[in-house]
Each structure stands twice: as structure tokens, then as C-alpha cells.
1. Share of segment 146-284's accessible area from carbon and sulfur, percent, 1.4 Å?
2. Can you give me the long-range amide H partners of residue 301? Hydrogens built in the peptide plane at 1.01 Å from N, cutoff under 5 Å, separation of 5 or more residues or another chain.
3. Can you pull out the trypsin sites (Lys or Arg not before Pro) in segment 18-55 whose DSSP state is coil and whose Cβ has at most 16 other Cβ atoms within 10 Å?
4. At 7 Å along Cα-to-Cβ for each site, give me the label-to-label distance between residue 28 and residue 177 in nm.
5. Evaluate the distance, in nm, between pseudo-label points positioned 7 Å from the Cα of residue 168 and of residue 342 along their respective Cα→Cβ axes.
6. Once you list every other residue whose beta carbon is under 15 Å from the beta carbon of residue 103, what net charge do they have if Lys and Arg are +1 and Asp and Glu are -1?
7. Give the residue list of trypsin sites (Lys or Arg not before Pro) in segment 199-293 that are DSSP loop and have at most 14 other beta-carbon atoms within 10 angstrom.
8. Once label points are set 7 Å from the Cα along Cα→Cβ at both residue 303 and residue 80, what is their separation, rounded to one decimal in nm?
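The values are calculated or read from the model by the stated rules, or taken from the named source; none is laboratory data. None of these values were measured; they are calculated from a predicted model. We place every Cβ from the backbone using ideal geometry, glycine too, and count neighbours over all the protein chains shown. Remember, those area values only see protein heavy atoms, side chains included, never the ligands or the DNA or RNA. Shrake-Rupley method; radii C 1.70, N 1.55, O 1.52, S 1.80 Å.
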Amino acid sequence: MSNNLSNSLISEQILEQLNLAVVLVDRELKVLFANQQAASVFGHTRKKLLNQTLLRLPIKHTFPENLFSQLWESQQSFADHEVEWTFIDGRHISSEVNADLVMLNNEPACLLQIRDNDNLKKLNTENAHKHHISASRHLIRGLAHEIKNPLGGIRGAAQLLSRSLDSDELREYTQMIIDQSDRLKELVDRLLGPNTPPKRSLTNIHGILERVVSLVQIELNANTKITKDYDPSLPEILVDEGQIEQALLNILQNAVYAASHANEGSAGSVVVRTRFEGNKVLHGSSYKKVLKISIIDNGTGIAESIKSTLFYPMITDKPEGNGLGLSISQRLIDQHKGVIEVDSWPGHTEFSIYLPIQEMERHA
């Protein structure tokens, strides 16, 4: 008896160490056991999960319910590599699920193993994006320099020509050449992005966010609302105020545009949130604490056609957009050893900006 109890405790300790959610349910899909990882996935304590009906915990899911009858009747295990879960707190998780029949006190039960696909996907996507964006930046930098040289010549020639003309009407044409040359030069400079390293100083991130929100609210329509959800316990951080302000402004402007243009007849909503987050890997380094800034909108979501190239220069789904805002934001955040992550589905798009607090304190 004591040996069985000891084995049971050891087995439970092993399940708690696993980096996947383990749930045991009966024929009615009532939860009989859940490890701590499962509690984290479903957003409840382990105690609250017990006796809950598993598939009523999310508000939406793509779990293959029909396969349970196959499990009970023919004792045939099943797996699904792409199960989507949406929870009441707004979280959206993609997971791999494996289901096996087990016997518990001589009664059949289903042992579910739920592995979060998002972390692996994000890591693979981040690595692929880094490679492609780095290659595109090299290409753009080369093209930009090739464009700037003849542009300077065209502008100079137009200025010389203007001096030799007697007609004001003809000077208007040369001035048009000069103005358009300047506009193209400005576009090329924006494509090249910021070249100066950050000039860091200790800054309250909420001060930066307040300025950014104030700038955006000037052009906010009456049907769209920005909600601020700040964590007042966050410390000052060591950043370049101007660069971080520009990065956040670009992202917030996109969120407001998405919320205000995608909700005909309903209110557009944007949430700006700050939090601590623990144990985060940024650019290959592990940090115990990072600062997380979330900008969330209730628009239609990011189009599938541009999701994989969202941070590339000149990529946009806005009719009047130039596709440079997110590319510039990513580069500015990269210069602070931070990262930007995106999670999007219809009705919810969340940009998460992570900045490493420990790195900043060490610099300070």
C-alpha cells in the first residue's frame, strides 16, 4: 500500500516536470487530473480544473470530439497536430494533442497530452524572419545607395538649369524636379532606416506611452477608443526615448487604423498594456525579467497573405500605406536587444514588444 502511494507521488512529480500539459478525463470529459502546465494552458488553478468539462473551458476550439467515441469503442488512440483554443481572457493557442486510453480503478479514462505549438512556431518563424529580413536589408541598402547617387546628380542639374532660365513658368518645372528628388531621397533614407546607435537614458516607459497615445488620439475617430492598462510597479528602463517612441507610435497607429476601419457599426477598441514577464529568451540570451508592452486591437486581423512578411520593408495591406512603419519599429527594437512578436486572428491582433530589463540595469 505504502509502495503504491510512493509510486503515485513519484509519477505525479514527473508529470509536474514535463513541459507539456497532461490531463486525465472520464467518458463525460470531466477532468480527473491536470498537471500545473495544464492549469497554465487553460487559465485555471489545478483545483478549479477538477470535475470541469474539458471542452467547455475554452470559448472556441477545433478539438476533434468525434474521435472520442473511437477511443472508447475501439480503444484506438488518436492525435491532432493543429488544435486551436481560444479562451475568455483573449488567449489563442495552437497545440498538438495526443489521446490514449488508460484504465483508472478498472474504469476507462482518456489521457491527453497537449503540447503548445506556438513557442516552437515562434522560434522557427523568428529565425526565418531574421534571415530573410537581414538579406532584404542588405539588398535594399545596396539599391538605396545606387539610387541616391543619380538622384543627387538630377537635383544638382535641375538647380543649375533653374538659374539659367528667365521664365518663372519654366522654373516651376525645375522646382518640381528638385521637390520630387528630395521626396525620393527622403523615402530612400527611410528605407535605410536609423543608422545611429541608441542614446540611452533612464526613462519611465509610461511617459513614452502617454506621449504616443496623445499623438494618436489627435486623429482618433469617435467610434474608436484607446484603453490604457499600465503596471505602475515597472521600474525606469534604459532606452533611447526617441527611438522607442517612434517604434511604439508606428505600431499604435497601425492598431488604431485596424480597429477603426474594420468594425463597421461597432466600436473599435485598442488596448495598450504594460507588464513584467519572466524567463524570456531574446536574441539567444535568457532573461529572468523583461518588460512587455502589448498593443491589442479588435480589427479583422492581419491578412494571411502578408503574415509571414509583415516586417519586411514595403509590405502593407493599407491602401495609402508605404510598408515602412513596422520594418523601422523592428529595427529600433532590435537595437535595444528586444523583440516584437505578433499574434493575430479575426477580431484580435496583439503586438508584444519585449525589452530586457536586466540588460538595461547592467548598462546603467
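1. On the way: 4220 of 8170 Å².
Roughly 52 percent of what the probe reaches on segment 146-284 is carbon or sulfur.
2. Those qualifying (amide H under 5 Å, at least 5 residues apart or on another chain) are 347, 348.
3. Details: sites: 27, 30, 46, 47, 48; in loops: 27.
Counting only loop positions with at most 16 other Cβ atoms within 10 Å, the trypsin sites (Lys or Arg not before Pro) in segment 18-55 are 27.
4. 8.5 nm
5. The modelled label-to-label distance comes out at 4.9 nm.
6. Details: positive: 27; negative: 26, 100, 107.
Taking every other residue near residue 103 into account, the sum is -2.
7. Values: sites: 199, 200, 211, 225, 228, 273, 275, 280, 288, 289, 292; in loops: 199, 200.
Here the trypsin sites (Lys or Arg not before Pro) that fit, given the DSSP loop and packing criteria, are 199.
8. With each label point 7 Å from Cα toward Cβ, the separation is 3.0 nm.
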